[in-house]
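Quick notes on the structure that follows.
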Amino acid sequence: MRHPFETLEVSAWVSASRAVRATRVLSDPRLRPTRVGSDDPRTRRMLQEHFGAEPFDDLRQLAVATATTLWIDRSEPLAEPDREALDCEDIAIVAGACALPFLLAIPQVETAPSFRRTHVGRALIGVAEAFGRVEVFQAALAVASEDHLGEGLRVAAASALTVLGPIDEVTALGARAGTMTATVVGRRGFGTLAVGIGADAASFALIGDGGLATIASGLVAWRRGDGSWIEETKLLSDGDEPIIQTILEAEKPAGASARSSVKDAAQRRLRVRIAALADTIRLSARTGHSESVEAMLRSFDVDPVELAPR
C-alpha cells in the first residue's frame, strides 16, 4: 500500500473545457504532475506554469515520455494515432472524462470517479444485495458545477446498473443547463435518475420487497414494509476524492495473473455498460424520444450480449 505521504508522479493530458477541474484534481498534494499537455496552447501554458511541469503538444509523445500513470481528462473521441500509441504504451491510463468511444478505443483504461470506491456506494451495494425484489430505484446526485455533470451522470448510471441489472430502455425527461433527468427500465425494476448542480452529495432510494431504503451521503436508513427499522447507520466521510483514489491506485501493468485478468475483463465490461447508458441518456435528451442502450452499443459494433454480467 502506498505511504500516505508518498507522492505519485503523473502525466496529464487535458482539454481546454476541463482545465479548471483538472487543476483542482492535480493540485492534490499526493500527486506530482511532471508532464502536462493539451491541444489548446493557453491550457498547456497554464498547466505548465501552475505545476512547473514539462509541456507537450502531442498526446503520443506524452504517452511515450510517461513513466507510470497518464491521466486523460477529455470527452472527445481519440484520433487513430492516439489510440495506437496509448494501446501500446505499458502505462496505467486513467480517464477523467469517459464517453463510450473513448473506452472502446483504449482497452486498459481505468475510469474515475467510481461510486464503488465511496462509502455511500459500498453501502448501496450491500443494501441492494439483501433487499430482495426492487420495484422502484431513485438516484439523485448534486455536483459542484456544470463541468461535473458528466461525472454525476456516470455515477447515477453505475448505481442504476448495480441495483436494476442490465438496462436497455432509456427516456430523458428533460435536460437544460445544469440538470439532467431520465427514467430507465432494468431487468429488475424501474428507475429514475437526476443530476443537478449543488453541494456535492448523492442519495439513493430503493422501494420493493425490502420496504424502503435510503442511502445518502452520511446516512443509511432502511425500514421494512411494516414500518419496523432494519438499519439506521451514519456513514463515515469518504475523505479521499474518488478521482484521486483512482489515480493513486493505478499501477503499471505487469504480468497479470489469470484471476486478475478475469477481474479486469469484468470491470471493463461494466465500465463500457456505464458509459453506454450515460451516452444513451444524453442521446435521448437530444432526440426527445426513448432510446435503446443496446442500439447504442451496436452502433459501435459492440454485441450487448458480450457485455452481460457473468
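Read-outs: derived from the displayed coordinates by stated rules, not from any lab. Keep in mind the model is a prediction, meaning the values are calculated, not measured. Cβ placement follows ideal geometry from the backbone for every residue including glycine, while neighbour counts extend to all protein chains displayed.
Below, the figures for the structure above:
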read-out: Rg in Å to one decimal, and Dmax rounded to a whole Å, for the chain via C-alpha atoms; value: 19.7, 63
read-out: Peptides 28-36, 57-65, 109-117 ordered by average Cβ neighbours within 10 Å, highest first; value: 109-117, 28-36, 57-65
read-out: Space enclosed by the convex hull of the alpha-carbon atoms of segment 8-89, per residue, Å³; value: 80
read-out: DSSP beta bridge pairing in segment 130-213, given as percent antiparallel to the nearest 5; value: 75
read-out: Normalised contact order of segment 1-104, rounded percent, pairs of Cα under 8 Å and 6 or more residues apart; value: 26
read-out: Computed label-point distance, nm, for sites residue 50 and residue 266 using a 7 Å Cα→Cβ extension; value: 3.8
read-out: Whole-Å distance, taken between Cα centres, linking segment 177-211 and segment 54-81; value: 34
read-out: Rg over Rh, two decimals, segment 115-241 (C-alpha only, Kirkwood Rh); value: 0.96
read-out: Per-pair calculated FRET efficiency, R0 = 22 Å: residue 295 and residue 87 via Cβ, rounded to 0.05; value: 0.25
read-out: Counting DSSP beta bridges with both ends in the chain, the antiparallel % (nearest 5); value: 60
read-out: Neighbour-count order for 180, 46, fewest beta carbons within 10 angstrom listed first; value: 46, 180
read-out: The chain - mean residue ellipticity at 222 nm from DSSP helices (-39,500 (n - 2.57) per run, n ≥ 4, rounded to 500); value: -11500 deg cm²/dmol
read-out: Relative contact order [Cα under 8 Å, 6+ residues apart], segment 79-235, whole percent; value: 21
read-out: Under the Debye formula (equal points on every Cα, no solvent term), log10 I(q)/I(0) of segment 1-139 at q = 0.16, 0.18 Å⁻¹; value: -0.85, -1.01
read-out: Relative contact order of the chain, defined on C-alpha pairs under 8 angstrom at six or more residues apart (%); value: 16
